[in-house]
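The values are calculated or read from the model by the stated rules, or taken from the named source; none is laboratory data. Please read all numbers here as calculations on a predicted model, not as lab measurements. Heads up, the Cβs are rebuilt from the backbone with ideal geometry, glycines too, and the neighbour counts pull from every protein chain shown. Please note that ligands, DNA and RNA were not included when accessible areas were found on the heavy atoms of the full protein model with its side chains. Shrake-Rupley method; radii C 1.70, N 1.55, O 1.52, S 1.80 Å.
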Amino acid sequence: MDSKKGIIFTGALVGIIAVLLVKLGNPKNMGFCIACFIRDISGGLGFHRAAVVQYLRPEVMGLVLGSFAVASLKKEFNVKGGSSPFIRFTLGVTVMIGALMFLGCPLRMVLRLAGGDLNAIVGIAGFTFGIILGIASLNKGFSLKRNYKLPKSEGYIFPVMNIFLVVLLILAPSFIFFSEKGPGSMHAPALIALACGLIVGILSQRTRLCMVGGIRDLILFKDTYLISGFIAILVFTLIGNLSLGYFNMGFEAQPVAHSDGLWNFLGMVLCGWSSVLLGGCPMRQLILSGEGNTDSVITVIGMFVGAAICHNFALAASPKGPSPNGKIAVIACLLVVGLISYLNSDMANLKSKGKGVA
Amino acid sequence: MIKVDVRGMSCPQPVLITKNAVNSNPKEIEIIADDNTAVNNISRFLKISGYKYEVNEIKEDYIINAKK
């Protein structure tokens, strides 16, 4: 599947599935949003108590389990980890803080644009700027150092946890929170959503679909492979939205979105920059988690905790706009990501080596 | 011939390290990788850069031999 046709097919299917999931009950322009769905799962398990965003989204479990199944089948289930795990965790938190300022991950950014939400253009501008900052860091020798092979049992834990989440969703015990109103209450039937997640997980594992990689590789290597998937998602979601009458162009009154341009921009700068340092977008992190990459598992856990932080400390934006706490958090996180970029690059390494010689 | 070892590196470092090696315009380059995604990314980059390459799988590693 390492062909352009393969990734365009995958992007097209992701777009069609995203519209289908909205038709079946997911919030508009949110057929698939990794940040929103991880936030809902975090709330569903009670890690935050924002009553409107709590649900165990089976799309996420499907992505991980689809990736796990196909990676095992194709002998690509390689268990590895140990590449700066706590920095990766921290970057997972900052990805989530940025995404929840914009109100969507890079995938939802494309879905929002395809639904006519023009705030997404501001988001894409911020995302691209963040990627450029990330590339500048990479060109200065940024590295989170190498990973190492680990026992297979280490890689099985996360897929098993996802199976457990599916069981919890089906059994719906009283200690799991399910929103009764708001975005968390809007969802497609669980088994269909799980199947959609599985399909996207399988195809994304085979094609390495990545929203941050598309723009990054185009700038760095003039490689158009990954951006083809990005564009296919946009085109096919647009066609789907136009066919079903979901397309509504404008900045104001867009579903689960706000129109504060500055903070939409800065939120996605943070998300894009952090994602480049991590080596992939939130969806890619889930796919890698299924393949046995425990550094990505740590990143996903960082996103999960980040979502809880966002809602426990009133950082997440809402359709009314960004919160004061959220603005402070985004600026603070941009500084943290800048520091992480510097301290793990050749600039800091050369300086410390110079001091050693002196 | 230049030899490059990108084992254990996360995306996009394998292809970035390859790019840095290719910048000196070597006629031959050998890259050792341990990850299928890295192999795919490096292969695409080598093709864009005008190299002909072949990939051999040896135990858990991949050896990419490229020539201009």
How many Å² of accessible area per residue for the range A:4-348, probe 1.4 Å? 36 Å²
Per residue of chain A, what 222 nm ellipticity follows from adding -39500 (n - 2.57) for every DSSP H run with n ≥ 4, rounded to the nearest 500? -22500 deg cm²/dmol
Tally Lys and Arg at +1 and Asp and Glu at -1 over the other residues with C-beta under 12 Å from the C-beta of A:Met268: what net charge comes out? +2
Quickly work out the A:Lys23-to-A:Leu244 label distance, labels modelled 7 Å from Cα along the C-beta direction, and quote it in nm with one decimal. 0.6 nm
Cα-based Debye curve of chain A sampled at q = 0.07 Å⁻¹ gives log₁₀ I(q)/I(0) of -0.26
Mind pulling the angle between the C-alpha long axis of helix B:13-22 and the longest principal axis of chain B? Nearest 10 degrees, somewhere in 0 to 90. 20 degrees
Which Cys residues of chain A have no other Cys beta carbon under 4.7 Å away? A:Cys105, A:Cys196, A:Cys210, A:Cys271, A:Cys281, A:Cys310, A:Cys333
In sequence order, calculated HN-Hα J values of the range A:323-336 (Karplus, 6.51, -1.76, 1.60; Hz; x Gly/Pro): 8, x, 4, x, 4, 4, 5, 5, 4, 4, 5, 4, 5, 5
Between chains A and B, what is the buried accessible area in Å², counting both sides, with a 1.4 Å probe and ligands, DNA and RNA left out, to the nearest 100? 1800 Å²
Candidates A:Leu242, A:Leu165, A:Leu133, ranked by Gaussian network fluctuation over chain A, Cα under 10 Å, top entry: A:Leu242
Measure of compaction for the range A:1-114 (Cα Rg per 2.2 N^0.38 Å): 1.19
Could you tell me the accessible area of A:His311 in Å² (1.4 Å probe, neighbours in place), rounded to the nearest ten? 50 Å²
Ignoring ligands, DNA and RNA, what percent of the 1.4 Å accessible area of the protein assembly as shown is carbon and sulfur? 67 percent
Please compute, for peptide B:12-19, the average count of beta-carbon atoms on other protein chains lying within 10 Å of each residue's beta-carbon. 5
Under 5 Å between amide hydrogens, which residues at least 5 positions from B:Asp5 or on another chain qualify, with H placed 1.01 Å from N in the peptide plane? B:Ile32
Orientation-averaged projected area, Cα convex hull of the range B:2-67 (nm²): 3.6 nm²
Averaged per residue, the 1.4 Å probe accessible area of the range B:2-67, protein heavy atoms only, in Å², is roughly 49 Å²
So, with +1 on the Cβ of K and R and -1 on the Cβ of D and E, and no other charges, what is the size of the charge dipole of the range B:2-67 about its Cα centre, to the nearest 20 debye? 360 debye
Could you tell me which of B:Val4, B:Ser24, B:Ala66 has its Cα farthest along the dipole of the range B:2-67 towards the positive end, charges placed at Cβ (Lys, Arg +1; Asp, Glu -1), taken about the Cα centre? B:Ser24
Taking N as its residue count, the alpha carbon Rg of the range A:101-248 over 2.2 N^0.38 Å: 1.28
Residue farthest toward the positive end of the dipole of chain A, with Cβ of Lys/Arg at +1 and Asp/Glu at -1: which of A:Leu138, A:Leu103, A:Phe177? A:Leu138
The size of the Cβ-based charge dipole (Lys, Arg +1; Asp, Glu -1) of the protein assembly as shown about the Cα centre, to the nearest 20 debye, is 640 debye
Evaluate peptide B:38-45: per residue, the Cβ atoms of other protein chains within 10 Å of its Cβ; return the mean as an integer. 3
Roughly what would the spin-label model give for A:Leu350 and B:Lys68, points 7 Å off Cα along C-beta, in nm? 2.6 nm
Taking 7 Å along the Cα-to-C-beta vector as the label spot, tell me the A:Leu343-A:Asn312 distance in nanometres, rounded to one decimal. 2.2 nm
